[in-house]
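Quick notes on the structure that follows.
The values are calculated or read from the model by the stated rules, or taken from the named source; none is laboratory data. The structure presented is a predicted model; accordingly, all values stated were derived computationally and were not measured. Cβ: placed from backbone, ideal geometry, glycine included. Neighbour counts: every protein chain shown.
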Amino acid sequence: MKLCLCVKLDDGLELSFTDKRRFARVRLLKDPTSVPPISELGPDALFEPMTLDVFT
């Protein structure tokens, strides 16, 4: 048996996830940045670009 998750958003966009090996976990969180392991990651380069000052 495999895990299949399909979510249809209000704007018609569909998000599908299939885990054939059954190793995945799916958690729906209001603020995923406050829960490990996401909260333990470093800064996101897309949202918090680094400057050269960080490396000097």
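The table that follows gives values for the structure above.
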| item | result |
| --- | --- |
| Residue identified as assigned to a helix (DSSP H, G or I) and surrounded by fewer than 10 Cβ atoms within 10 Å (Cβ to Cβ) among Asp44, Asp53 | Asp53 |
| Pair list, Cβ under 9 Å, 6 or more apart: the range 26-49 residue of a type in the set (A, V, I, L, M), other residue surrounded by 10 or more Cβ atoms within 10 Å (Cβ to Cβ) | Val26/Leu3; Val26/Leu5; Val26/Phe17; Val26/Asp19; Leu29/Val35; Leu29/Ile38; Ile38/Pro32 |
| Options Thr18, Thr33; residue that is surrounded by 10 or more Cβ atoms within 10 Å (Cβ to Cβ) and at pLDDT 85 or above | Thr18 |
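Residues checked against (1) farther than 28 Å from Met1 by Cα; (2) in contact with a helix residue (DSSP H, G or I) (Cβ under 7 Å, 6 or more places away or on another chain); (3) in a loop (DSSP other than H, G, I, E, B):
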{"position": "Asp11", "(1), (2), (3)": "yes, no, yes"}
{"position": "Thr18", "(1), (2), (3)": "no, no, no"}
{"position": "Arg22", "(1), (2), (3)": "no, no, yes"}
{"position": "Pro49", "(1), (2), (3)": "yes, no, yes"}
